[in-house]
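I have placed the structure first, in the form of structure tokens, so that the comments after it can refer back to it.
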Amino acid sequence: MAPEVAELSAELDANVAISSTRSTRPALASEKALVVSRDAGLAQKLQGFLQQDHGCDADYVNSYIVAEQRLRSSGRQCVFLDLRPDHYQEDPRSLLDFLVRQDRRRNPVVSIGCDGYRCEWADLADSTVCAHLRLPFDRDQLERVLRQDLVTSLRMRPLPTTDCRQVHTTHITYRTYTPQVFQILEHLTRVAMHDVTILLVGETGTGKTTLARMVHDLSPRSQGRFYALACGALPPELIESELFGHVKGAFTGAERNKEGKFEIANSGTLLLDEIDCLDQNQQMKLLRVIETGEFERVGCNETHKTNARLIAASNVDLKGLVDQGQFRPDLYYRLSVLEFKVPPLRDRPYDIVPLTLGFVEEFREKHGITIRRIHPEFLQRLRFYDWPGNIRELKNHVGRAVLFSHNGQLTPADLAPNILEATEHGPVEKRSLRSGNTLSERVASTEHEMLVRSLEEHGQNRTATARALGISRVGLYKKMKKYGMLEPKRNRVGVAFAE
């Protein structure tokens with residue numbers, strides 16, 4: 001049998017298992033489960049349903065500490081975890097930290113009756129929990145959770161990561177769980193100690209100013225002044241005066257001598273944001289400052305010298321502007337020697353919840369508002385949204401939600417309508433359209449979207465999906481392989497969480 005046919009046969013066997021009904025094949029056959037709750041009646045009811053309907057041997061413990069000990073010494077099993085904020089005096093963080101470090105297909109976690117995570121451990125819970133069992137629950141709800149919610153979460157959500165990089169300075173703490181940003185932080189902390197010009201490129205709101213401040217704080221100039229100038233916010237005719245200063249009478253309204261930002265930031269650091277807004281003449285003068293430190297005030301021939309360190313930033317690709325003749329190539333090649341591209345928030349899914357919790361803390365202190373709990377769906381909605389305004393937009397929406405919160409809890413009702421309208425496929429659709437403009441790229445984007453939606457509508461049953469789409473099962477398999485929708489064999493989920 002050809003390898004591809006053999007793999008397809010295995011995939012189809014898995015589909016048959018997923019599509020089986022409760023009466024023909026249980027969802028958790030030959031699997032084990034661990035129920036963690038102080039509510040003995042609830043635990044016994046759940047144990048009964050798991051045994052009768054799913055052939056699952058479910059153990060029960062009433063302590064997070066005991067649960068962690070049991071999981072450390074046992075094999076794969078599903079964990080039903082009671083995380084009701086007011087239900088325990090124990091702190092679940094050690095158990096959650098252990099679970100988030102496990103393969104979620106080995107120990108998938110279903111929360112029981114949790115309408116809100118405590119702020120102190122919301123990030124751990126969000127990374128750990130795959131599905132939610134609402135109270136009061138019945139057989140049908142448990143069936144949906146195990147056959148639909150849990151399967152979808154295991155297939156669609158990115159695996160959590162505990163790998164983190166942090167940089168602390170006197171003014172900021174920069175933390176990220178995005179491997180793409182790890183190298184940026186490493187290189188920036190290294191070059192911060194040297195007087196070299198840096199170029200930061202990234203969409204608006206990606207945190208370029210924060211990174212520039214981090215470089216300043218880590219440099220020998222940390223005791224000097226850090227000054228940020230947004231070139232795009234200034235009228236073109238005033239940019240040169242803001243950069244280099246002017247003398248009295250240099251132009252209408254120049255009633256006195258004025259120092260420019262290169263003088264003000266002397267011995268410190270000057271961030272020029274939206275550097276692409278400079279015209280060709282201003283770019284030439286900027287290049288001279290970078291090379292020699294020399295400049296003249298507007299209306300004066302006297303040469304001044306600055307010792308300011310320059311960090312340039314742009315939200316557009318400067319190389320593209322060079323090709324269009326809108327940006328000087330000599331300046332670009334001078335800046336691009338140390339160019340760092342900051343990824344947008346939509347490409348940093350692991351950072352959304354940690355950033356959110358940091359902003360919640362900031363705004364509740366600023367406004368004197370008590371926030372004790374965060375609803376799981378509140379965090380889920382933030383992950384679904386595409387964040388075209390990046391970290392700045394996220395911060396603004398979190399601030400809005402804190403202001404609208406009730407009873408010390410953040411819920412989806414506190415979010416703006418455009419955030420609530422996003423689905424788990426919304427960001428993928430927008431990202432695909434933004435990254436591809438050709439007909440073939442748009443067709444591929446639409447085809448991928450149809451596959452994802454149809455598979456969900458048919459409970460991941462590929463036989464039914466292929467029939468609904470009017471293609472063969474082999475054809476569906478090939479298309480899923482084309483779009484990277486097949487999981488490696490070692491991680492393949494057959495019946496809920498069984499390999």
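Derivation of every value follows stated rules applied to the coordinates shown; laboratory data play no part. The structure displayed is predicted, hence computed values, not measured ones. Here the Cβ positions follow ideal geometry from the backbone for every residue, glycine too, while neighbour counts run over all protein chains shown.
Seen from PHE98, the other residues with C-beta closer than 9 Å to its C-beta sum to a net charge of 0, counting Lys and Arg as +1 and Asp and Glu as -1.
Distances between placed amide hydrogens fall under 5 Å for VAL298 paired with GLY245, HIS246, VAL247, all partners being 5 or more residues away or on another chain. Per-residue 3J(HN,Hα) values for region 136-152, derived from phi via the Karplus relation 6.51 cos²θ - 1.76 cosθ + 1.60 with θ = phi - 60°, read x, 10, 9, 4, 5, 5, 4, 4, 5, 4, 6, 8, 10, 4, 5, 4, 4 Hz in sequence order (x marks Gly and Pro). 3J(HN,Hα) couplings calculated from phi for region 372-384 with the Karplus curve 6.51 cos²θ - 1.76 cosθ + 1.60 (θ = phi - 60°) are, in sequence order, 9, 9, 10, 5, x, 5, 4, 5, 4, 5, 5, 5, 6 Hz; Gly and Pro show x.
Its relative contact order, with pairs defined as Cα atoms under 8 Å and 6+ residues apart, puts region 209-350 at 24 percent. Using the charge dipole of region 179-341 (Lys, Arg: +1 at Cβ; Asp, Glu: -1 at Cβ; taken about the Cα centre), state which of LEU287, ALA228, TYR333 has its Cα farthest towards the positive end. Of the candidates, ALA228 comes out farthest on the positive side.
A simple spin-label model places pseudo-atoms 7 Å from Cα toward Cβ; at PHE251 and LEU486 they are separated by 6.4 nm. Between GLU365 and ASN281, full extension at 0.36 nm per residue minus the direct alpha carbon distance yields a gain of 25.6 nm. The C-alpha radius of gyration of region 31-156, expressed as a fraction of 2.2 N^0.38 Å, stands at 0.95. Taking a straight Cα-Cα cut-off under 24 Å and skipping sequence neighbours fewer than 8 places away in the same chain, the lysines within cross-link reach of LYS248 are LYS258, LYS261, LYS285, LYS305. Couplings for region 284-289, taken from phi via the Karplus curve 6.51 cos²θ - 1.76 cosθ + 1.60 with θ = phi - 60°, read 5, 5, 5, 4, 5, 5 Hz in order; Gly and Pro are left as x. Taking a straight Cα-Cα cut-off under 17 Å and skipping sequence neighbours fewer than 8 places away in the same chain, the lysines within cross-link reach of LYS395 are LYS208, LYS366.
Specify the inter-centroid distance of region 96-139 and region 177-205, based on alpha-carbon positions, in whole Å. Using only Cα atoms, the two centres lie 34 Å from each other. Relative contact order of region 349-420: 40 percent, from C-alpha pairs under 8 Å at least 6 residues apart in sequence. Within the straight-line cut-off of under 19 Å between alpha carbons, the aspartates and glutamates reachable from LYS478 are GLU4, GLU7, GLU11, ASP13, GLU441, GLU447, GLU449, GLU456, GLU487, sequence neighbours fewer than 8 places apart in one chain being disregarded.
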